[in-house]
Amino acid sequence: MSDDHTKVQEFFTARAADWDARFPDDGPAYRAAVAELGLRKGARVLDAGCGTGRALPALRDAVGPSGVVLGADLTPAMLEAARQAGRDRYGQLLLADVTRLPLAAASLDAVFGAGLISHLPQPAKNLTELRRVVRPGGLLALFHPIGRAALAARQGRQITPDDLRAEANLAPLLASSGWLMTSYVDEDARFLALAERVD
């Protein structure tokens, strides 16, 4: 495991037990973001870096009982918190590195990633891996339940020009990874970028 992965695991292991309690009001933002994906009943979707599985109920509702919902995370403690919250009943939880997914090529209709991009060690390469597991024309949602400026203020920092989530940076990053950004919203209450796999 690389140092990047070890740091991510250490960061989230220390916060797993009280993660949901720290962000108790995010549920509606997750549901709204999942709704914007426009998933069909029976679709196959991955929550990449699912953490405590807060997106899983909305993803299950979107794809229905005939759909497939997977939640993959690198940190065992986050998956355990998801189980303790009962979210494993909405999808299958996988202890997996989203930079090397144990999934077949083109096996999914969509990938949902909440707060994911800032934790990817090699964003262009890692977004290419997400593209690999999505069918042609499939979708990617990069989401955060708070916008870039509000998040920076919460963390006591300023937004920098090299922020990967800035539209001017994210669109070419996605394009270099085989995605076409189709929608971009960055407001105080949420961040959501949608992209489609292009071939």
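Looking for whichever is assigned to a helix (DSSP H, G or I), in contact with a helix residue (DSSP H, G or I) (Cβ under 7 Å, 6 or more places away or on another chain) and under 23 Å from Gly51 (Cβ atoms) here; the options are Leu192, Leu173, Leu164. Which one fits? Spell out how you get there, then give the answer.
Values: Leu192 fails: assigned to a helix (DSSP H, G or I); Leu164 fails: assigned to a helix (DSSP H, G or I).
Checking each option against the conditions leaves just Leu173.
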Item to complete: Considering only the range 186-199, state which residues are surrounded by fewer than 18 Cβ atoms within 10 Å (Cβ to Cβ) and small (Gly, Ala, Ser).
Response: Ala189
Worksheet item: Yes or no: Asp18 part of a strand (DSSP E or B) and under 21 Å from His144 (Cα atoms)?
Response: no
Discussion item. List the residue pairs whose Cβ atoms are under 6 Å apart, where the first residue sits in the range 27-46 and is farther than 14 Å from Ala114 by Cα, the second is at pLDDT 95 or above and part of a helix (DSSP H, G or I), and the two are 6 or more positions apart or on different chains.
Written reply: Leu39/Ala62; Leu39/Val63; Ala43/Val63
Worksheet item: Do we have any residue at all in the range 181-192 that's at pLDDT below 90 and over 27 Å from Ala96 (Cβ atoms)?
Response: yes
Fill in: Among (1) under 25 Å from Arg190 (Cα atoms); (2) among the charged types (D, E, K, R); (3) in contact (Cβ under 8 Å) with a residue 24 or more places away in the chain, the one test that Arg22 misses
(3)
Item to complete: Give the range 73-98 a look and list any residue that's in contact with a Lys or Arg (Cβ under 8 Å, 6 or more places away or on another chain) and open to solvent by 20 Å² or more (accessible area, probe 1.4 Å), or say none.
Response: Arg87, Tyr90, Leu93
Discussion item. Between a residue in the range 162-178 that is touching a residue at least 24 places away in the same chain (Cβ under 8 Å) and at positive phi and any residue that is of a type in the set (D, E, K, R) and assigned to a helix (DSSP H, G or I), which pairs come within a Cβ distance under 6 Å, given they are 6 or more apart or on different chains?
Written reply: Gly178/Arg131
Fill in: Among residues of the range 164-185, those that are open to solvent by less than 60 Å² (accessible area, probe 1.4 Å) and more than 16 Å from Leu127 (Cβ to Cβ), counted
2
Worksheet entry | Number of positions in the range 135-163 that are open to solvent by 40 Å² or more (accessible area, probe 1.4 Å) and modelled with pLDDT of 95 or more | 3
Discussion item. Condition check: touching a Leu at 6+ places or on another chain (Cβ under 8 Å) and either among the aromatic types (Phe, Trp, Tyr) or open to solvent by 70 Å² or more (accessible area, probe 1.4 Å) (or both). Does Arg132 satisfy that?
Written reply: yes
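The values are calculated or read from the model by the stated rules, or taken from the named source; none is laboratory data. This is a predicted model, so every value here is computed, not measured. Here Cβ is always computed from backbone atoms with ideal geometry, including for glycine, and neighbour counts include all displayed protein chains. In case anyone asks, the SASA skips ligands and DNA or RNA and just uses the protein heavy atoms, side chains included. Shrake-Rupley method; radii C 1.70, N 1.55, O 1.52, S 1.80 Å.
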